[in-house]
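The values are calculated or read from the model by the stated rules, or taken from the named source; none is laboratory data. The structure presented is a predicted model; accordingly, all values stated were derived computationally and were not measured. With ideal geometry, Cβ positions are generated from the backbone for all residues, glycine too; neighbour counts draw on all protein chains shown.
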Amino acid sequence: MVLEYPFTPPTAVDPPAQWQELRATCPVAHVRTASGSEALLLTRYDDVRTTITDRRFARNTPAGGGMAAYLSEEQAHLRWRRLLTRSFTARRMTALQPGITRITHDLIDTMIKSGQPADLRTALGFPMPVYVICDLLGVPAADRERFAHWSDRFLNLTRFTAEDVEQSGRELWDYMRTHVRAKRTDPGDDLLSELLTVVDSEDGRLTEDELIFTGQALLVAGHETTANMIGKMVAMLLARRERWESLVADPALVTTAVEEVLRFDANLGFGTHRLVTERVEIAGTVVEPGTTVLSSMPSANRDERVFDAPDEMNLSRSPNPHLTFGAGVHACIGQSLARVELRTVLSALLERLPTLELAVPVGELRRREGLLVGGLEEIPLRW
């Protein structure tokens, strides 16, 4: 039996019933995606984690060239990660905290002055991460809106035409080329300036194209994912009033609450694609090379085999080994920054607007259609 994928959830913040059913009865399910292609869907924690960390499951599919091109692409990606990781540290991300706090409070000030109800996505969730990425890359504040425009067009499959996406890609690439060259001449204390000096003992420095790609990748991955996660975080916490009230009463829970929100998120996108590079057995099913596997991280994050009461949001849950940021060599490089941003936003909202509430029933919240990373169209709030 081939199931149509993705599944339809009951609300924008709740999981589809199929996840629990598949984890229990069919952990390796045949599915047909919206594009018409067929794949195997994995829903259990251990299986999903294996596809993320096991080299027999390769990421992304090149346009052509077969398995040799696939493995070459994988090696290039790992080299890029190795060079970038040296500078993209938790210490550097923590050093951004004062600027992130300032940006967050400025945006909340504006939201309050604009009156209620307010849309959290447009008032705070969308602008804050792009401003932070601009600071990280040393991009002038005057160019923030241009970056926001480009980012808005990259990860959506339906809102913009292919021509819009391609045009935005060209514009951002041209901008980053000029920006990288300017940093080479006049470096600052930003990440790109530092990366210009990074040398790998085996592979040398990052090339100009790799630096341009880095700036583009950080904008797309670091902006859209966090922007949408801010909105989902607040929506999930306000969906049940006792969750928000418990944080107002004990702000020390913010750190574990953010991790629990990341685990609990049922709206993470379409799943992580992997290509099987050699014959392998998954949950008793033999999978042949060349098979496409979809790994459902939000389903894995609710696996009863790993998490106690997984469908309950426990804001003090610890440990919390969720897979939202991946694992192993493919773990999200920007996870430290994302955590700092989410904690800062949540702490600021609890401090400034303790009476915050959804201005519509949770059932009226709408998913952003076609978005690869998952998100909500609007999060109307009042206080």
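The table that follows gives values for the structure above.
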quantity	calculated
Spans of helices (runs of 4 or more DSSP H) in the stretch 85-175 with at least 1 residues aliphatic (A, V, I, L, M) and farther than 23 Å from Arg339 by Cα	97-114
Looking only at the stretch 1-46, and only at residues there that are of a type in the set (Val, Ile, Thr) and in a loop (DSSP other than H, G, I, E, B), the one that is surrounded by the most Cβ atoms within 10 Å (Cβ to Cβ)	Thr43
Of all residues in the stretch 6-36 being among the small types (Gly, Ala, Ser) and more than 24 Å from the chain's Cα centre (by Cα), the one that is nearest to Arg305 (Cα to Cα)	Ala24
Thr324 being surrounded by 14 or more Cβ atoms within 10 Å (Cβ to Cβ), β-branched (Val, Ile, Thr), under 23 Å from Arg55 (Cα atoms) and touching a Cys at 6+ places or on another chain (Cβ under 9 Å)	yes
Condition met for Phe307 (within 24 Å of Glu21 (Cβ to Cβ), modelled with pLDDT of 95 or more and aromatic (Phe, Trp, Tyr))	yes
Enumeration of residues in the stretch 28-66 that are among the charged types (D, E, K, R), modelled with pLDDT of 90 or more and either within 19 Å of Ala266 (Cα to Cα) or touching a Lys or Arg at 6+ places or on another chain (Cβ under 7 Å) (or both)	Glu38, Arg44, Asp46, Asp47, Arg49
Single residue of Val360, Val329, Val340 found to be within 30 Å of Ile112 (Cβ to Cβ) and assigned to a helix (DSSP H, G or I)	Val340
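One line per residue, one yes/no per condition, for (1) in contact with a strand residue (DSSP E or B) (Cβ under 9 Å, 6 or more places away or on another chain); (2) touching a residue at least 12 places away in the same chain (Cβ under 8 Å); (3) more than 24 Å from His149 (Cβ to Cβ):
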{"site": "Glu224", "(1), (2), (3)": "yes, yes, no"}
{"site": "Gly231", "(1), (2), (3)": "yes, yes, no"}
{"site": "Ala235", "(1), (2), (3)": "yes, yes, yes"}
{"site": "Arg241", "(1), (2), (3)": "yes, yes, yes"}
{"site": "Ala249", "(1), (2), (3)": "no, no, yes"}
{"site": "Leu253", "(1), (2), (3)": "no, yes, yes"}
{"site": "Glu260", "(1), (2), (3)": "no, yes, yes"}
{"site": "Leu275", "(1), (2), (3)": "yes, yes, yes"}
{"site": "Glu278", "(1), (2), (3)": "no, yes, yes"}
